[in-house]
Amino acid sequence: MSKQYDVIILGAGPGGLSAGIYAGRNRLSTLIIEMGQDGGQIALTADIENYPGQMVEGESGISLVARMAKQAENFGVERVQDAVDKVELEGEIKRLHGKKDTYEGKTVIIATGAFPKPIGCKGEASVLGKGLSFCATCDGAFFTGLPVYVVGGGDSAVEEAIFLTKFARKVTIIHRRDELRAAKAIQEKAFANDKIDFLWDSVVDELGGDDVLSFMKVKNVKTGEITEIQADPKDGMFGVFGFIGFSPRTSLFEDMLTLENGYIVTDENMHTNIEGVYAIGDVRKKKLRQVVTAAADGAIAAMEANEYLSK
Ligand code: NAP
């Protein structure tokens with residue numbers, strides 16, 4: 001521990017990086033702590049087509065976020081990779097204890113995001129990374145020429161199913177209802193894609209296989225009927241991608257911040273119940289979780305921190 005920052009931002013997704021850009025541009029000494037790869041969930045997204053101004057052919061979450069990170073660094077924002085496992089948020093100086101170091105700041109912006117929900121079926125843990133994945137961008141190419149199943153019916157599931165058709169022989173979306181939740185424009189693309197099929201009113205009951213994922217039991221929620229899907233012996237396996245939503249990463253803050261269904265409650269200016277502590281992006285209780293709303297949250301929080309510091 002050597003330096004006391006004006007602003008410490010926890011998480012380098014679009015929200016955290018936008019907060020960094022605004023804080024750095026206001027000449028606040030700013031540190032962004034990220035425990036893994038930059039970008040959060042957006043780094044798992046193959047195609048970005050609804051971030052305003054994004055018309056670059058083939059823009060991925062990773063490429064967009066890399067430019068955001070560079071932009072923050074250009075404003076003097078410091079960055080460190082560390083896993084914070086304890087926080088002290090009360091008082092004028094906040095302390096974040098990581099595996100490598102302890103970080104001190106006058107304000108903290110929490111941008112820890114959310115992580116994919118497990119499918120919740122039997123055998124799930126045994127096939128993780130052996131056919132079961134939660135990231136099409138990371139793992140899609142492993143399934144080149146194989147059949148792939150996507151679980152979920154929201155924007156993520158349908159967008160990633162479309163992306164997976166670049167690699168897979170066929171993609172089947174398994175959805176628990178007979179109607180998708182995804183935005184209509186995304187649905188239209190999926191319905192027009194002849195490599196995509198649908199298994200409606202269905203949930204995955206079990207995943208399994210000896211070394212790799214080679215069988216799956218799917219239950220029809222209306223009839224209760226269970227169908228077993230076996231890998232074609234010529235393939236030896238198939239892929240399953242889970243996209244059934246996300247859980248907020250808030251376990252660090254459970255005893256100190258007001259949470260609702262696990263999400264941090266803030267006012268419209270990103271203030272939490274502790275002075276000088278803000279929450280932004282997908283970790284915050286709100287309705288629309290998008291890159292553009294995370295970025296907006298980040299800008300607001302940084303400006304609020306600036307005002308708080310100048311008092
Ligand atoms: P989501 O919108 O919460 O959708 C989750 C889907 O999984 C729903 O279709 C849901 O079914 C299904 N599901 C939930 N629990 C399930 C379970 N236990 N078993 C089987 N199915 C289950 O999650 P998301 O698609 O990841 O999107 C999260 C947020 O990010 C949303 O706000 C979304 O708009 C946003 N997003 C936006 C874009 C974009 O604009 N390009 C891309 C990706 C994500 P039901 O429909 O029956 O509830």
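The values are calculated or read from the model by the stated rules, or taken from the named source; none is laboratory data. Keep in mind that what you see is a predicted model, and the values were worked out from it rather than measured. We place every Cβ from the backbone using ideal geometry, glycine too, and count neighbours over all the protein chains shown. Keep in mind that these areas ignore ligands, DNA and RNA; they rest on the heavy atoms of the full protein, side chains included. Shrake-Rupley method; radii C 1.70, N 1.55, O 1.52, S 1.80 Å.
The rows are residues; the columns are (1) away from the ligand (no atom under 12 Å from the Cβ); (2) assigned to a helix (DSSP H, G or I); (3) open to solvent by less than 30 Å² (accessible area, probe 1.4 Å).
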{"residue": "PHE115", "(1), (2), (3)": "no, no, no"}
{"residue": "ILE119", "(1), (2), (3)": "no, no, yes"}
{"residue": "ALA125", "(1), (2), (3)": "yes, yes, no"}
{"residue": "ASP139", "(1), (2), (3)": "yes, yes, no"}
{"residue": "PHE142", "(1), (2), (3)": "yes, yes, no"}
{"residue": "VAL150", "(1), (2), (3)": "no, no, yes"}
{"residue": "SER156", "(1), (2), (3)": "no, yes, no"}
{"residue": "GLU160", "(1), (2), (3)": "no, yes, yes"}
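Of all residues in the range 229-264 being small (Gly, Ala, Ser) and within 16 Å of the ligand (Cβ to nearest atom), which is least open to solvent (accessible area, probe 1.4 Å)? Give the steps one after another, and end with the answer.
Taking the range 229-264 as the starting set, the residues that turn out to be small (Gly, Ala, Ser) are 231, 236, 239, 242, 245, 247, 251, 262.
Now restrict to residues that are within 16 Å of the ligand (Cβ to nearest atom): 242, 245, 247, 262.
Numbers: GLY242: 2, GLY245: 25, SER247: 30, GLY262: 25 Å².
Ranking the qualifying residues of the range 229-264, first place goes to GLY242.
For every residue, the table says whether it meets (1) aromatic (Phe, Trp, Tyr); (2) touching a residue at least 40 places away in the same chain (Cβ under 8 Å); (3) closer than 25 Å to PRO52 by Cα; (4) open to solvent by less than 40 Å² (accessible area, probe 1.4 Å).
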site	(1), (2), (3), (4)
ASN269	no, no, yes, no
THR272	no, yes, no, yes
VAL277	no, yes, no, yes
GLY281	no, yes, yes, yes
VAL291	no, yes, yes, yes
ASP297	no, yes, yes, yes
GLU304	no, no, yes, yes
GLU307	no, no, no, no
SER310	no, no, no, no
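Do we have GLY16 as within 16 Å of the ligand (Cβ to nearest atom) and closer than 22 Å to VAL283 by Cα here?
It is false that GLY16 is within 16 Å of the ligand (Cβ to nearest atom) and closer than 22 Å to VAL283 by Cα.
Does LYS222 fit the bill of being over 20 Å from the mean Cα position of the chain (by Cα), charged (D, E, K, R), more than 16 Å from the ligand (Cβ to nearest atom) and at pLDDT 95 or above? Write out each step before concluding.
Numbers: over 20 Å from the mean Cα position of the chain (by Cα): yes; charged (D, E, K, R): yes; more than 16 Å from the ligand (Cβ to nearest atom): no; at pLDDT 95 or above: yes.
So LYS222 does not fit the description; no.
One line per residue, one yes/no per condition, for (1) open to solvent by less than 30 Å² (accessible area, probe 1.4 Å); (2) modelled with pLDDT of 95 or more; (3) part of a loop (DSSP other than H, G, I, E, B); (4) not acidic (Asp, Glu):
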residue	(1), (2), (3), (4)
ALA168	yes, yes, yes, yes
ARG177	no, yes, yes, yes
ALA182	yes, yes, yes, yes
GLN187	yes, yes, no, yes
ALA190	yes, yes, no, yes
PHE198	no, yes, no, yes
GLU206	no, yes, no, no
LYS217	no, yes, no, yes
THR227	no, yes, no, yes
